[in-house]
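Peer 1: Here it is: the structure, laid out below.
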Amino acid sequence: MKIYFAGSIRGGRQDAALYYEIVQQLQNYGEVFTEHIGNAELTELGEDVGDRYIHDRDLAWLKAADYLVAEVTGPSLGVGYEIGKATEWGKPVLCLYRPGNGDERRLLSAMISGCSSVTVQEYQNPGELTRTFEQFLGVPKLMRAAKD
Ligand code: 6K6
C-alpha cells in the first residue's frame, strides 16, 4: 500500500515535528512516498532541485499512491492543490485538522470541509489518530503479515 503524505512546506514549517510523528505512524500501514515532509531540517527554502522537477515528481508520486493523507491545519497552496488533484483522480483523501480553541480557534477552508470526497478528522495530537488510520487505511502491515 502506498501513501502520499502532504504537509505544508512553503506555507510554513511550524508543524514539521508533528508531520514527522504522523509519518512515523503512517509507515505502520504502508510505504510513505513523502517522508521528507516530516524532516525538521527542511526549511521553506527546501531542496535546490528546481520547482518544475518538484512539481512533476510529486504529482507522479501522488498518481501512484493509493491514499492521500494531508495535514491541513497550516494553510498551504501546495497541499490544497494536491488534495484537488487526488479527488479528481478518485483517490481516498484523509485531511487531519487541529481546530485550536479559544482565541486560537481556526477555521478550515470550505473548499476542504465542504468537499464530499474528502474525510476530515479533527484532532489535537497525533497519538489520537490510531483509530482514524485503522478506519481509513485498514490494518497495520504487521497484522496483515501475521494473517498471511
Ligand atoms: C523540500 C523541503 C522544503 O522544500 C523542499 C522542496 N520543495 C518541495 N519538496 C517536496 N514536495 C514539495 C515541495 N514543495 C511543495 N511540495 C509539495 O507540496 C509537498 O508534497 C507538500 O505536500 C506540498 C507543500 O506545498 P507548499 O505550498 O506548502 O510548499
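The values are calculated or read from the model by the stated rules, or taken from the named source; none is laboratory data. No experiment lies behind these values; they were computed from the predicted model shown. Note that each Cβ is placed from the backbone with ideal geometry, even for glycine, and that neighbours are counted across all protein chains shown. For the accessible areas, the whole protein counts, side chains as well, though only heavy atoms, and no ligand, DNA or RNA atoms are used. Shrake-Rupley method; radii C 1.70, N 1.55, O 1.52, S 1.80 Å.
Peer 1: For the range 2-39, what are the residues that are touching a Lys or Arg at 6+ places or on another chain (Cβ under 8 Å), part of a loop (DSSP other than H, G, I, E, B) and open to solvent by 40 Å² or more (accessible area, probe 1.4 Å)?
Peer 2: The one that is touching a Lys or Arg at 6+ places or on another chain (Cβ under 8 Å), part of a loop (DSSP other than H, G, I, E, B) and open to solvent by 40 Å² or more (accessible area, probe 1.4 Å): 28.
Peer 1: Only residues that are more than 20 Å from residue 86 (Cα to Cα) and polar (S, T, N, Q): list them for the range 113-141, please.
Peer 2: 124, 125, 130
Peer 1: Here is a further query. Checking residue 103 against (1) away from the ligand (no atom under 16 Å from the Cβ); (2) charged (D, E, K, R); (3) in contact with a helix residue (DSSP H, G or I) (Cβ under 7 Å, 6 or more places away or on another chain), which single condition isn't satisfied?
Peer 2: (3)
Peer 1: Have a look at 29, 19 and point out the one that is more than 20 Å from residue 122 (Cβ to Cβ) and more than 8 Å from the ligand (Cβ to nearest atom).
Peer 2: When all the criteria are applied, what remains is 29.
Peer 1: Need the failing condition index for residue 78 against (1) out of contact with any strand residue (DSSP E or B) (no Cβ under 6 Å at 6 or more places or on another chain); (2) farther than 30 Å from residue 146 by Cβ; (3) part of a loop (DSSP other than H, G, I, E, B); (4) of a type outside the set (D, E, K, R), just the number.
Peer 2: The failed condition is (3).
Peer 1: Is it the case that the range 65-88 has a residue that's open to solvent by less than 80 Å² (accessible area, probe 1.4 Å), under 15 Å from residue 15 (Cβ atoms), touching a residue at least 60 places away in the same chain (Cβ under 8 Å) and among the charged types (D, E, K, R)?
Peer 2: Yes: the range 65-88 contains one or more residues that are open to solvent by less than 80 Å² (accessible area, probe 1.4 Å), under 15 Å from residue 15 (Cβ atoms), touching a residue at least 60 places away in the same chain (Cβ under 8 Å) and among the charged types (D, E, K, R).
Peer 1: Identify, please: which residue in the range 101-124 is without any contact (Cβ under 8 Å) to a residue 24 or more places away in the chain and open to solvent by less than 80 Å² (accessible area, probe 1.4 Å) and is, among those, farthest from residue 3 (Cα to Cα)?
Peer 2: Selected residue: 102.
Peer 1: Would you mind stating whether residue 79 is under 20 Å from residue 107 (Cα atoms), within 10 Å of the ligand (Cβ to nearest atom) and among the β-branched types (Val, Ile, Thr)?
Peer 2: Considered against the rule, which asks whether it is under 20 Å from residue 107 (Cα atoms), within 10 Å of the ligand (Cβ to nearest atom) and among the β-branched types (Val, Ile, Thr), residue 79 comes out as yes.
Peer 1: Within the range 99-130, which residues are in a helix (DSSP H, G or I) and more than 16 Å from the chain's Cα centre (by Cα)?
Peer 2: 102, 103, 104, 110, 111
Peer 1: What's the number of the condition residue 29 fails, among (1) closer than 19 Å to residue 77 by Cα; (2) of a type in the set (Ser, Thr, Tyr); (3) in contact with a helix residue (DSSP H, G or I) (Cβ under 9 Å, 6 or more places away or on another chain)?
Peer 2: Condition (1) is where residue 29 drops out.
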